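Student: Let me begin by handing over the structure; questions about it come next.
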Amino acid sequence: MNTHFRRESSVKKWSLMLILLLVFSLVATSMMGCGQQKLTKIRLNEVTHSIFYAPLYVALNQGFFKEEGLEIELTNGAGADKVMTAVLSGQADIGFMGPEATIYVFNQGKEDYVINFAQLTQKDGSFLVGRQPDPNFTWDKVKGKTIIGGRKGGMPEMTLEYVLKNKGIIPGKDVTVLTNIQFALMAGAFTGGTGDYVTLFEPVAATLEKEGKGFVVASVGKEGGEIPYTVFSAKKSYIEKNPQIIQKFTNAIYKGQRWVQSHTPEEIAKAIKPSFPDADEKILATVVKRYRDQDTWAKSPVFTKEAFERLQDIIQEAGELSKRAPYEKLVTNKFAEEAVKK
């Protein structure tokens, strides 16, 4: 009798322990699930894929967006006009492009216009590429020549014309600037025999140099000076509905901007390598140094009024501005200033 009782008691004790262990396991699993942060997917459309945008790729590859609870779905728009189309049609949540596109849309009377909320670059990122090495290049050498300049009304083409005019060279008179070749096809057109020069971003320019098909002779960014060249933008309605997402996105961008300021070109090249898997790391480091030496990247996402008005001066001088747009409507620094404050 006692033996039977002890056995029954022992069975009950083990059953209770198993039940407690199962309950503990379920609770622990549940807590782990709660601890795993669910990421919010953001569809980001970039104007082109270039080392020029190193702080963005650093933010992606160093996990700064994930730290903010965001998952970035990155697509290449191949031109500011196409990026803007994606944003306006709802195919992209955030556009990364030249702010000139937001001015054009606003001046068309669009009610749900696109607002710029974070600046990434403060200079043109393109380089003038010729057919032969020319260490003694001077801008007067382009007189009587043809340059593939990019889409008319786009920042690359307008900045090139701005530089040419500052050098006393009049486009259409002293030099021919081709504006009928799509952005993504410019390098191919040049290597195919069109033009004497072409303006290209990196790593495309460095790739042509490596292949012996083109050679960097000048920096358009260095000659053009400070311009709010590429910024992050979203529709007015999207920003109003998703202020927390915009803030988290801007926080991540600022982390990327700070990171590139405190690391060597070699370290930056290593950090952005996953975004350029086919690029040689030495070429990446060379190009990164080239961009950093000319102070290409903005040190914070704040987009100043002075920069915005200078941008409009350039667009106006290019004959592409019907009327000036109000800074107060097209730029918000609320999120940039909060990111810097943090």
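Student: Only one of (1) in a helix (DSSP H, G or I); (2) loosely packed, with under 14 Cβ neighbours inside 10 Å is not met by residue 259, so which one is it?
Tutor: (2) is the only condition that residue 259 fails.
Student: Select from the stretch 17-46 the residues that are modelled with pLDDT of 95 or more and β-branched (Val, Ile, Thr) and write down the one among them that is farthest from residue 92 (Cα to Cα).
Tutor: My answer is 40.
Student: While we're on this one: Does any residue in the stretch 103-117 that is more than 15 Å from residue 92 (Cβ to Cβ) come within less than 8 Å, Cβ to Cβ, of a residue that is among the charged types (D, E, K, R) and crowded, with 20+ Cβ neighbours inside 10 Å six or more places away or on a different chain, and which pairs are these?
Tutor: That search, which allows pairs on different chains as well, returns 113/235.
Student: Additional query: Return the pairs, sorted by first residue and then second, in which the second residue is hydroxyl-bearing (Ser, Thr, Tyr) and outside any helix (DSSP H, G or I), the first residue lies in the stretch 268-290 and is assigned by TED's automatic domain parsing to the domain that holds residue 55 and in contact (Cβ under 8 Å) with a residue 40 or more places away in the chain, the beta carbons are less than 8 Å apart, and the residues are 6+ apart or on different chains.
Tutor: Pairs that qualify, where the first residue is assigned by TED's automatic domain parsing to the domain that holds residue 55 and in contact (Cβ under 8 Å) with a residue 40 or more places away in the chain and the partner is hydroxyl-bearing (Ser, Thr, Tyr) and outside any helix (DSSP H, G or I), are 290/219.
Student: With (1) in contact with a Ser or Thr (Cβ under 8 Å, 6 or more places away or on another chain); (2) under 29 Å from residue 149 (Cβ atoms) as the list, and residue 70 as the residue in question, which single condition is left unmet?
Tutor: For residue 70, the failing item is (2).
Student: Here's another thing I want to ask about it. Can you tell me how many residues in the stretch 165-217 are among the small types (Gly, Ala, Ser) and in contact with an Asp or Glu (Cβ under 9 Å, 6 or more places away or on another chain)?
Tutor: 2
Student: Moving on. So which strands (runs of 3 or more DSSP E) are wholly in the stretch 129-224 and hold at least 1 residues that are within 29 Å of residue 321 (Cβ to Cβ) and within 22 Å of the chain's Cα centre (by Cα)?
Tutor: Those strands (runs of 3 or more DSSP E) span 197-200, 215-219.
Student: Here is a further query. Does residue 323 qualify as being touching a helix residue (DSSP H, G or I) at 6+ places or on another chain (Cβ under 7 Å) and surrounded by fewer than 16 Cβ atoms within 10 Å (Cβ to Cβ)?
Tutor: Yes; evaluated as a whole, the condition is true for this residue.
Student: Any residue at all in the stretch 39-53 that's part of a strand (DSSP E or B), among the basic types (Lys, Arg) and surrounded by fewer than 24 Cβ atoms within 10 Å (Cβ to Cβ)?
Tutor: Yes, because at least one residue in the stretch 39-53 is part of a strand (DSSP E or B), among the basic types (Lys, Arg) and surrounded by fewer than 24 Cβ atoms within 10 Å (Cβ to Cβ).
Student: State whether one or more residues within the stretch 228-243 are assigned to a helix (DSSP H, G or I), outside the structural domain of residue 84 (by TED's automatic domain parsing) and buried (at least 17 other Cβ atoms within 10 Å of the Cβ).
Tutor: no
The values are calculated or read from the model by the stated rules, or taken from the named source; none is laboratory data. From a predicted model like this one, the values you see are computed outputs, not experimental measurements. For neighbour counting, all protein chains shown are included, and Cβ atoms are generated from backbone atoms with ideal geometry for every residue, glycine included.
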